[in-house]
Amino acid sequence: MPFEPASDVLSQYTVLDLTRVRSGPTCVRQLADWGANVIKIEDPESDKIGLGGARSGSDFQNLHRNKRSMTLNLKTKEGIAIFMALAKKADVIVENYRPDVKRRLGIDYDAISKINPRIVYASISGFGQDGPLANRPGFDQIAQGMGGLMSITGEPGKGPMRVGIPIADLTAGIFCSQGILLALMERERSGKGQWVQTSLLQAQVFMLDFQASRWLMDQEIPPQAGNDHPTSIPTGVFKTSDGYINIAVAGQKMWEKFKSLFNDPAFDSPDYAEAKGRSKNRKALNALIENHTSKKTAAEWIAIFNEAGAPAGEINDIKQVFDLEQVRHLGLAQPMNSQERGATEVVGQPILMSRSKASVRRPPPTLGQHTGEILADIGYGPEDVKKLAKDGVI
């Protein structure tokens, strides 16, 4: 079966995917969903060593749609020769090995760019391709801790807390895909490829955003704030008669409108008149707000606050998220006919464009499902493929 792009946007590009676990596959999924011809290169033994979880598992199914799979043993001379033949024609290579591995294999950027100067070679690592920690193994939670996120997450005085998603992995993957697109755009002008690099640590530090600037510009070390917003008060979680809601009141005008909804003179205290006072007295102010919100249901308060222009919303579990009519309307649950699971759904792209559209065209491939057709594209016949399989190359 010929390659079927999931979108028209990137359909002219061929991507060799050497990634595993999460950050790299996240990057490549962005390219695949927008139409790139992604060739997922896997070790013939990869199913046995359990990299990335079971192929039938929800995680693998969500990460690896819209890709084709070929097996290739890069520890053999023949395997490297095949990879080089593919690389000579490819536009992009993505890898997230530890920095020394690709050099040992002889498939690093310097080696590939000699045979294909137009190659965009993208690397994701734990801590960068060089420097004192370059060869340290990197995992998401390690990056969350080293990158400062765990020091500002959780309730004050209760110790560091990781966030509920692998945010360093995910953002490193997304930043890497952005870097690839930037390099492809630059290649249109220069005619040359380049080496794109990011890491879990770089992604995590960048994601600190305004919390990082509080230190860099004002030498203020942000503390944990629990469910409260670090600087905008009142913003946080408040109890209702049947659960909890989020309220986000930003700015003086919104505060004036918000407090008027309660018809309670206690809100006119000088302690709450200005933003600094509300921040200093946040515990007392939160208790005052909750004294009122606990008397009506979540749905009632959400309607009251939003009608007045004060943002408020539900706190959903994951089932409730995908039950939301708006989530369905935005296409964030996409149908897929899995080879292992049958009819199911995966998470759709969060980007909408007026003419072009991402889609889930292919389910995740079985191991080596497309090896023969990919090898045929570079001149290998059926007998060649049989011999390569017998010799343990594919």
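The values are calculated or read from the model by the stated rules, or taken from the named source; none is laboratory data. This structure is a prediction, so every number in the text was calculated from the model and none was measured. All Cβ positions, glycine included, derive from the backbone under ideal geometry; neighbour counts span all protein chains shown. Calculation scope for accessible area: heavy atoms of the full protein, side chains included, ligands and nucleic acids excluded. Shrake-Rupley method; radii C 1.70, N 1.55, O 1.52, S 1.80 Å.
With respect to residue 389, is the statement that it is closer than 30 Å to residue 85 by Cβ, without any contact (Cβ under 8 Å) to a residue 60 or more places away in the chain and either of a type in the set (Gly, Ala, Ser) or in contact with a Ser or Thr (Cβ under 7 Å, 6 or more places away or on another chain) (or both) true? Outline the logic, then answer.
Numbers: closer than 30 Å to residue 85 by Cβ: yes; without any contact (Cβ under 8 Å) to a residue 60 or more places away in the chain: yes; either of a type in the set (Gly, Ala, Ser) or in contact with a Ser or Thr (Cβ under 7 Å, 6 or more places away or on another chain) (or both): yes.
Against the criterion (closer than 30 Å to residue 85 by Cβ, without any contact (Cβ under 8 Å) to a residue 60 or more places away in the chain and either of a type in the set (Gly, Ala, Ser) or in contact with a Ser or Thr (Cβ under 7 Å, 6 or more places away or on another chain) (or both)), residue 389 qualifies.
Can you say whether residue 134 is part of a strand (DSSP E or B) and closer than 25 Å to residue 43 by Cβ, as far as the supplied structure shows? Lay out the reasoning, then the answer.
Values: part of a strand (DSSP E or B): no; closer than 25 Å to residue 43 by Cβ: yes.
The answer is no for residue 134.
Considering only residues that are of a type in the set (Gly, Ala, Ser), under 22 Å from the mean Cα position of the chain (by Cα) and closer than 30 Å to residue 314 by Cα, which ones fall in segment 324-368?
Hits for segment 324-368 are 331, 333, 348, 358, 359.
When you look at residue 119, is it farther than 21 Å from residue 377 by Cβ, in contact with a helix residue (DSSP H, G or I) (Cβ under 6 Å, 6 or more places away or on another chain), open to solvent by less than 10 Å² (accessible area, probe 1.4 Å) and not hydroxyl-bearing (Ser, Thr, Tyr), yes or no? Spell out the reasoning first.
Values: farther than 21 Å from residue 377 by Cβ: no; in contact with a helix residue (DSSP H, G or I) (Cβ under 6 Å, 6 or more places away or on another chain): yes; open to solvent by less than 10 Å² (accessible area, probe 1.4 Å): yes; not hydroxyl-bearing (Ser, Thr, Tyr): yes.
No: the conditions fail for residue 119.
For segment 338-347, which residues satisfy the criterion of being open to solvent by 50 Å² or more (accessible area, probe 1.4 Å) and either in contact with a Ser or Thr (Cβ under 8 Å, 6 or more places away or on another chain) or among the hydrophobic types (A, V, I, L, M, F, W, C) (or both)? Spell out the reasoning first.
Narrowing segment 338-347 to residues open to solvent by 50 Å² or more (accessible area, probe 1.4 Å): 339-341, 343, 345, 347.
Hits for segment 338-347 are 339, 340, 341, 343, 347.
For segment 323-337, which residues satisfy the criterion of being in contact (Cβ under 8 Å) with a residue 12 or more places away in the chain, surrounded by 14 or more Cβ atoms within 10 Å (Cβ to Cβ) and not in a strand (DSSP E or B)?
Once the filter is applied, which keeps residues that are in contact (Cβ under 8 Å) with a residue 12 or more places away in the chain, surrounded by 14 or more Cβ atoms within 10 Å (Cβ to Cβ) and not in a strand (DSSP E or B), segment 323-337 yields 331, 332.
Failed condition for residue 388, given (1) exposed (fewer than 14 other Cβ atoms within 10 Å of the Cβ); (2) part of a helix (DSSP H, G or I), with all others met?
(1)
If a residue must be touching a residue at least 12 places away in the same chain (Cβ under 8 Å) and either of a type in the set (A, V, I, L, M, F, W, C) or open to solvent by 100 Å² or more (accessible area, probe 1.4 Å) (or both), how many such residues does segment 211-220 contain?
Of the residues in that region, 1 qualify.
So, of the residues in segment 139-152 that are in contact (Cβ under 8 Å) with a residue 60 or more places away in the chain and open to solvent by less than 30 Å² (accessible area, probe 1.4 Å), which turns out to be farthest from residue 198 (Cα to Cα)?
148
Hey, among the residues in segment 157-208 that are surrounded by fewer than 18 Cβ atoms within 10 Å (Cβ to Cβ) and of a type in the set (D, E, K, R), which one's farthest from residue 28 (Cα to Cα)?
Residue satisfying both the conditions and the ranking: 158.
Looking at segment 296-320, I want the residues that are in a helix (DSSP H, G or I) and have a partner that is exposed (fewer than 15 other Cβ atoms within 10 Å of the Cβ) with Cβ atoms under 6 Å, at least 6 apart or on another chain. Which pairs are those?
Hits for this filter: 298/242; 298/243.
Here is a check on your reading of the model: is residue 316 at pLDDT 95 or above and closer than 23 Å to residue 236 by Cβ?
Working: at pLDDT 95 or above: yes; closer than 23 Å to residue 236 by Cβ: yes.
So residue 316 passes the test.
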